[in-house]
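What follows is a short report on a single structure.
The values are calculated or read from the model by the stated rules, or taken from the named source; none is laboratory data. Model, not experiment: these values are computed from the prediction. When we count neighbours, we look across all protein chains shown, and the Cβ atoms used for this are built from the backbone with ideal geometry, even at glycine. SASA here: full protein model, heavy atoms, side chains in, ligands and nucleic acids out. Shrake-Rupley method; radii C 1.70, N 1.55, O 1.52, S 1.80 Å.
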Amino acid sequence: MAELGLNEHHQNEVINYMRFARSKRGLRLKTVDSCFQDLKDSRLVEETFTIDEVSEVLNGLQAVVHSEVESELINTAYTNVLLLRQLFSQAEKWYLKLQTDISELENRELLEQVAEFEKAEFVSSSKKPIIDITKPKLVPINEGGTTELLNKEILRLQQENEKLKSRLKTIEIQAVNALDEKSKLERVLQDLQLDQENQQDLLKAQDLDDLENTVATLRSEFQKTLNDKTENQKSLEENLAAAKHDLLRVQEQLSMAEKELEKKFQQTAAYRNMKEILTKKNNQIKELRKRLAKYESED
(Lines give C-alpha, C1' and ligand atoms only; values in the text may rest on other atoms or scores of the structure.)
Protein backbone atom coordinates (compact mmCIF):
# COMPACT_ATOMS: atom_id res chain seq x y z
CA MET A 1 0.00 0.00 0.00
CA ALA A 2 1.22 3.47 -0.88
CA GLU A 3 1.98 5.70 2.11
CA LEU A 4 1.89 9.47 2.61
CA GLY A 5 4.34 9.60 5.53
CA LEU A 6 1.56 10.17 8.09
CA ASN A 7 0.51 8.25 11.16
CA GLU A 8 -2.47 5.91 11.02
CA HIS A 9 -4.95 8.41 12.44
CA HIS A 10 -4.02 11.21 10.04
CA GLN A 11 -3.88 8.82 7.08
CA ASN A 12 -7.43 7.71 7.86
CA GLU A 13 -8.49 11.34 7.90
CA VAL A 14 -6.92 11.80 4.46
CA ILE A 15 -8.77 8.73 3.17
CA ASN A 16 -12.08 10.13 4.46
CA TYR A 17 -11.45 13.43 2.67
CA MET A 18 -10.47 11.67 -0.56
CA ARG A 19 -13.61 9.57 -0.33
CA PHE A 20 -15.64 12.79 0.02
CA ALA A 21 -13.79 14.40 -2.92
CA ARG A 22 -14.32 11.33 -5.13
CA SER A 23 -18.03 11.39 -4.37
CA LYS A 24 -18.32 15.08 -5.29
CA ARG A 25 -16.23 14.53 -8.41
CA GLY A 26 -18.43 11.65 -9.52
CA LEU A 27 -21.56 13.76 -9.10
CA ARG A 28 -20.08 16.59 -11.17
CA LEU A 29 -19.00 14.22 -13.93
CA LYS A 30 -22.51 12.82 -14.05
CA THR A 31 -23.81 16.37 -14.33
CA VAL A 32 -21.50 17.06 -17.27
CA ASP A 33 -22.56 13.80 -18.92
CA SER A 34 -26.18 14.74 -18.46
CA CYS A 35 -25.49 18.08 -20.16
CA PHE A 36 -24.31 16.27 -23.29
CA GLN A 37 -27.15 13.78 -23.08
CA ASP A 38 -29.72 16.57 -22.78
CA LEU A 39 -28.18 18.24 -25.79
CA LYS A 40 -28.44 15.03 -27.80
CA ASP A 41 -32.02 14.46 -26.77
CA SER A 42 -33.23 18.02 -27.26
CA ARG A 43 -31.28 19.41 -30.19
CA LEU A 44 -29.91 16.54 -32.27
CA VAL A 45 -33.30 15.55 -33.74
CA GLU A 46 -32.63 16.57 -37.34
CA GLU A 47 -30.35 14.87 -39.80
CA THR A 48 -28.63 17.95 -41.12
CA PHE A 49 -27.53 21.23 -39.47
CA THR A 50 -26.21 24.45 -40.81
CA ILE A 51 -22.97 25.97 -39.57
CA ASP A 52 -24.88 28.53 -37.56
CA GLU A 53 -26.99 25.86 -35.91
CA VAL A 54 -23.91 23.78 -35.00
CA SER A 55 -22.19 26.88 -33.60
CA GLU A 56 -25.27 27.71 -31.54
CA VAL A 57 -25.47 24.16 -30.17
CA LEU A 58 -21.77 24.12 -29.28
CA ASN A 59 -21.90 27.56 -27.69
CA GLY A 60 -24.84 26.53 -25.56
CA LEU A 61 -23.06 23.31 -24.52
CA GLN A 62 -19.91 25.28 -23.76
CA ALA A 63 -21.81 27.68 -21.51
CA VAL A 64 -23.45 24.85 -19.57
CA VAL A 65 -20.23 22.84 -19.15
CA HIS A 66 -18.30 26.00 -18.24
CA SER A 67 -20.86 26.81 -15.56
CA GLU A 68 -20.75 23.31 -14.13
CA VAL A 69 -16.93 23.13 -14.07
CA GLU A 70 -16.62 26.60 -12.61
CA SER A 71 -19.14 25.77 -9.90
CA GLU A 72 -17.25 22.59 -9.03
CA LEU A 73 -13.88 24.38 -8.89
CA ILE A 74 -15.31 27.12 -6.68
CA ASN A 75 -16.97 24.57 -4.41
CA THR A 76 -13.71 22.58 -4.17
CA ALA A 77 -11.75 25.71 -3.21
CA TYR A 78 -14.30 26.64 -0.56
CA THR A 79 -14.29 23.07 0.77
CA ASN A 80 -10.48 23.18 1.09
CA VAL A 81 -10.74 26.49 2.94
CA LEU A 82 -13.19 24.96 5.42
CA LEU A 83 -10.86 21.98 5.92
CA LEU A 84 -7.91 24.31 6.57
CA ARG A 85 -10.08 26.32 8.96
CA GLN A 86 -10.73 23.19 11.04
CA LEU A 87 -7.01 22.40 11.24
CA PHE A 88 -6.03 25.98 12.10
CA SER A 89 -8.76 26.26 14.75
CA GLN A 90 -7.51 23.12 16.48
CA ALA A 91 -3.93 24.41 16.33
CA GLU A 92 -4.91 27.80 17.77
CA LYS A 93 -6.48 26.13 20.81
CA TRP A 94 -2.91 25.05 21.70
CA TYR A 95 -1.36 28.37 20.62
CA LEU A 96 0.29 26.80 17.58
CA LYS A 97 0.97 28.54 14.25
CA LEU A 98 0.83 26.26 11.23
CA GLN A 99 2.51 27.11 7.92
CA THR A 100 1.74 25.90 4.40
CA ASP A 101 3.95 25.67 1.31
CA ILE A 102 1.77 26.58 -1.69
CA SER A 103 4.52 25.57 -4.13
CA GLU A 104 4.23 21.96 -2.97
CA LEU A 105 0.68 21.85 -4.35
CA GLU A 106 2.13 21.70 -7.89
CA ASN A 107 4.86 19.18 -7.11
CA ARG A 108 4.33 16.52 -9.77
CA GLU A 109 6.13 13.85 -7.77
CA LEU A 110 3.93 14.42 -4.74
CA LEU A 111 0.80 14.58 -6.90
CA GLU A 112 1.70 11.24 -8.48
CA GLN A 113 2.29 9.84 -4.99
CA VAL A 114 -1.22 10.95 -3.97
CA ALA A 115 -2.62 9.40 -7.15
CA GLU A 116 -0.91 6.10 -6.34
CA PHE A 117 -2.26 6.29 -2.83
CA GLU A 118 -5.80 6.88 -4.11
CA LYS A 119 -5.45 4.02 -6.56
CA ALA A 120 -4.22 1.66 -3.85
CA GLU A 121 -6.95 2.68 -1.44
CA PHE A 122 -10.00 2.92 -3.70
CA VAL A 123 -9.40 1.23 -7.06
CA SER A 124 -7.90 -1.98 -5.63
CA SER A 125 -10.31 -2.03 -2.70
CA SER A 126 -13.27 -2.12 -5.12
CA LYS A 127 -12.18 -5.62 -6.21
CA LYS A 128 -12.21 -6.94 -2.65
CA PRO A 129 -15.39 -8.09 -0.86
CA ILE A 130 -16.96 -5.30 1.14
CA ILE A 131 -16.59 -5.89 4.84
CA ASP A 132 -18.62 -3.82 7.23
CA ILE A 133 -16.05 -2.37 9.61
CA THR A 134 -17.32 -0.02 12.27
CA LYS A 135 -14.63 2.58 12.87
CA PRO A 136 -14.26 3.89 16.41
CA LYS A 137 -15.65 7.33 16.91
CA LEU A 138 -12.85 9.86 17.29
CA VAL A 139 -12.64 11.83 20.51
CA PRO A 140 -13.38 15.55 19.93
CA ILE A 141 -10.24 17.65 19.98
CA ASN A 142 -11.69 20.10 22.49
CA GLU A 143 -12.64 17.36 24.99
CA GLY A 144 -10.73 14.05 25.07
CA GLY A 145 -7.55 15.29 23.43
CA THR A 146 -7.29 18.32 25.69
CA THR A 147 -8.06 16.27 28.80
CA GLU A 148 -5.44 13.66 27.94
CA LEU A 149 -2.74 16.27 27.37
CA LEU A 150 -3.68 18.13 30.54
CA ASN A 151 -3.58 14.89 32.54
CA LYS A 152 -0.11 14.13 31.20
CA GLU A 153 1.06 17.64 32.07
CA ILE A 154 -0.46 17.38 35.57
CA LEU A 155 1.25 14.01 36.09
CA ARG A 156 4.59 15.47 34.96
CA LEU A 157 4.20 18.46 37.29
CA GLN A 158 3.26 16.17 40.19
CA GLN A 159 6.34 14.05 39.62
CA GLU A 160 8.53 17.14 39.43
CA ASN A 161 6.89 18.47 42.60
CA GLU A 162 7.65 15.21 44.44
CA LYS A 163 11.28 15.43 43.34
CA LEU A 164 11.50 19.02 44.60
CA LYS A 165 9.89 18.04 47.92
CA SER A 166 12.38 15.20 48.36
CA ARG A 167 15.27 17.50 47.52
CA LEU A 168 13.97 20.17 49.90
CA LYS A 169 13.63 17.60 52.69
CA THR A 170 17.23 16.50 52.13
CA ILE A 171 18.43 20.11 52.28
CA GLU A 172 16.43 20.70 55.48
CA ILE A 173 18.04 17.65 57.09
CA GLN A 174 21.47 18.90 56.05
CA ALA A 175 20.67 22.34 57.50
CA VAL A 176 19.52 20.83 60.83
CA ASN A 177 22.67 18.69 61.01
CA ALA A 178 24.81 21.73 60.27
CA LEU A 179 23.07 23.72 63.04
CA ASP A 180 23.56 20.86 65.50
CA GLU A 181 27.23 20.62 64.62
CA LYS A 182 27.59 24.37 64.97
CA SER A 183 26.00 24.20 68.45
CA LYS A 184 28.39 21.43 69.46
CA LEU A 185 31.38 23.42 68.24
CA GLU A 186 30.17 26.50 70.08
CA ARG A 187 29.89 24.49 73.32
CA VAL A 188 33.37 23.07 72.78
CA LEU A 189 34.72 26.58 72.24
CA GLN A 190 33.01 27.82 75.40
CA ASP A 191 34.53 24.92 77.36
CA LEU A 192 37.98 25.78 75.99
CA GLN A 193 37.53 29.42 76.95
CA LEU A 194 36.46 28.43 80.46
CA ASP A 195 39.48 26.13 80.77
CA GLN A 196 41.72 28.97 79.63
CA GLU A 197 40.21 31.34 82.20
CA ASN A 198 40.54 28.75 84.97
CA GLN A 199 44.18 28.15 84.05
CA GLN A 200 44.84 31.87 84.06
CA ASP A 201 43.13 32.28 87.44
CA LEU A 202 45.15 29.34 88.83
CA LEU A 203 48.40 30.83 87.59
CA LYS A 204 47.52 34.20 89.11
CA ALA A 205 46.65 32.62 92.44
CA GLN A 206 49.88 30.61 92.57
CA ASP A 207 52.02 33.63 91.66
CA LEU A 208 50.28 35.80 94.24
CA ASP A 209 50.76 33.17 96.92
CA ASP A 210 54.43 32.92 96.07
CA LEU A 211 54.77 36.69 96.18
CA GLU A 212 52.93 36.95 99.49
CA ASN A 213 55.13 34.22 100.94
CA THR A 214 58.22 36.01 99.70
CA VAL A 215 57.09 39.31 101.16
CA ALA A 216 56.23 37.65 104.47
CA THR A 217 59.63 35.97 104.58
CA LEU A 218 61.41 39.20 103.79
CA ARG A 219 59.45 41.04 106.43
CA SER A 220 60.25 38.37 109.01
CA GLU A 221 63.90 38.42 108.15
CA PHE A 222 63.91 42.20 108.19
CA GLN A 223 62.25 42.33 111.59
CA LYS A 224 64.65 39.75 112.96
CA THR A 225 67.62 41.55 111.53
CA LEU A 226 66.31 44.88 112.87
CA ASN A 227 65.94 43.46 116.32
CA ASP A 228 69.27 41.69 116.33
CA LYS A 229 71.41 44.14 114.49
CA THR A 230 70.36 47.73 114.64
CA GLU A 231 73.48 48.75 112.85
CA ASN A 232 72.36 46.90 109.79
CA GLN A 233 69.05 48.82 109.59
CA LYS A 234 70.10 50.76 106.54
CA SER A 235 71.15 47.62 104.76
CA LEU A 236 67.86 45.97 105.62
CA GLU A 237 65.91 48.96 104.35
CA GLU A 238 67.78 48.70 101.09
CA ASN A 239 66.99 44.99 100.96
CA LEU A 240 63.33 45.80 101.57
CA ALA A 241 63.34 48.31 98.72
CA ALA A 242 65.01 45.75 96.51
CA ALA A 243 62.37 43.23 97.52
CA LYS A 244 59.65 45.70 96.60
CA HIS A 245 61.30 46.25 93.25
CA ASP A 246 61.47 42.49 92.81
CA LEU A 247 57.81 42.28 93.66
CA LEU A 248 56.94 44.87 91.02
CA ARG A 249 59.20 43.12 88.54
CA VAL A 250 57.60 39.77 89.31
CA GLN A 251 54.14 41.29 88.95
CA GLU A 252 55.16 42.77 85.61
CA GLN A 253 56.60 39.40 84.58
CA LEU A 254 53.36 37.77 85.72
CA SER A 255 51.33 40.15 83.54
CA MET A 256 53.64 39.53 80.58
CA ALA A 257 53.42 35.78 81.20
CA GLU A 258 49.61 35.98 81.18
CA LYS A 259 49.63 37.87 77.89
CA GLU A 260 52.18 35.44 76.42
CA LEU A 261 50.09 32.48 77.61
CA GLU A 262 46.95 33.89 75.99
CA LYS A 263 48.88 34.64 72.78
CA LYS A 264 50.34 31.12 72.68
CA PHE A 265 46.91 29.60 73.28
CA GLN A 266 45.46 31.56 70.35
CA GLN A 267 48.32 30.33 68.18
CA THR A 268 47.76 26.67 69.08
CA ALA A 269 46.50 24.29 66.36
CA ALA A 270 43.39 23.42 68.37
CA TYR A 271 42.29 27.05 68.63
CA ARG A 272 42.97 27.73 64.91
CA ASN A 273 41.19 24.55 63.86
CA MET A 274 38.17 25.40 65.97
CA LYS A 275 38.06 28.89 64.52
CA GLU A 276 38.35 27.59 60.92
CA ILE A 277 35.64 24.95 61.53
CA LEU A 278 33.27 27.56 62.96
CA THR A 279 33.93 29.87 59.99
CA LYS A 280 33.23 27.04 57.48
CA LYS A 281 30.08 25.95 59.26
CA ASN A 282 28.78 29.53 59.35
CA ASN A 283 29.38 29.81 55.59
CA GLN A 284 27.61 26.46 54.96
CA ILE A 285 24.62 27.56 57.03
CA LYS A 286 24.40 30.85 55.09
CA GLU A 287 24.54 28.95 51.76
CA LEU A 288 21.87 26.45 52.87
CA ARG A 289 19.60 29.28 54.02
CA LYS A 290 19.96 30.95 50.60
CA ARG A 291 19.10 27.69 48.84
CA LEU A 292 16.08 27.13 51.11
CA ALA A 293 14.84 30.64 50.38
CA LYS A 294 15.29 29.98 46.64
CA TYR A 295 13.27 26.74 46.66
CA GLU A 296 10.55 28.28 48.83
CA SER A 297 10.20 31.15 46.32
CA GLU A 298 9.97 28.64 43.42
CA ASP A 299 7.20 26.65 45.18
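Applying 1/(1 + (r/R0)^6) with R0 = 35 Å to the Cβ-Cβ distance of Thr214 and Gln190 gives a FRET efficiency near 0.45. Computed extension length for Ser55-Ser23: 8.2 nm, one decimal, from 0.36 nm per residue of separation with the Cα-Cα distance subtracted. For the chain, the longest principal axis of the Cα atoms and the long axis of helix 146-228 meet at an angle of about 10 degrees. Would you mind calculating the relative contact order of the chain from Cα pairs under 8 angstrom and at least 6 residues apart, reporting the percent as a whole number? Over the chain, the number comes to 20 percent. Residue order by solvent-accessible surface for Leu278, Leu155 is Leu155, Leu278, largest first, with ligands and nucleic acids left out and a 1.4 Å probe.
Top mean-square fluctuation among Asp246, Asp101, Asp33, Gaussian network model of the chain, C-alpha springs under 10 Å? Maximum among the listed residues: Asp101. Taking all protein chains as they are arranged and a probe of 1.4 Å, the heavy atoms of Tyr295 leave approximately 30 Å² accessible to solvent. Computed over the chain with a Gaussian network model linking Cα atoms closer than 10 Å, the most mobile of Asn227, Asn80, Asn198 is Asn227. Once the Cα atoms are used to define both axes, helix 269-298 deviates from the longest principal axis of the chain by about 30 degrees. Among Gln37, Ser55, Gln11, which residue has its Cα positioned farthest towards the positive end of the charge dipole of region 5-111, with +1 placed on the Cβ of Lys and Arg, -1 on the Cβ of Asp and Glu, and the dipole taken about the Cα centre? Of the listed residues, the answer is Gln11.
Between the Cα long axis of helix 51-93 and the first principal axis of the chain there is an angle of about 20°, rounded to the nearest 10. Computed about the Cα centre, the dipole magnitude for the chain is approximately 900 debye when only Lys and Arg (+1) and Asp and Glu (-1) carry charge, each at its Cβ.
Our helix-only sum for the chain, with -39,500 (n - 2.57) per DSSP H run of n ≥ 4 divided by its residues, gives a mean residue ellipticity at 222 nm of -29500 deg cm²/dmol. Near Leu83: Cβ cut-off under 14 Å, other residues only, Lys/Arg at +1 and Asp/Glu at -1. The net charge is +2. Here the spin labels are modelled as points 7 Å beyond Cα on the Cα-Cβ line, and at Val81 and Arg289 they lie 6.8 nm apart. Computed over protein heavy atoms with a 1.4 Å probe, the carbon and sulfur contribution to the accessible area of the chain reaches 54%. Counted residue by residue at 0.36 nm each, then reduced by the alpha carbon distance between them, the extension gain from Ala257 to Glu298 reaches 9.0 nm. Mean-square fluctuations from a GNM of the chain, with a 10 angstrom spring cutoff on Cα atoms, peak among Arg22, Arg272, Arg43 at Arg43.
For the chain, the solvent-accessible area works out to 82 Å² per residue, with a probe of 1.4 Å and every protein chain left in place.
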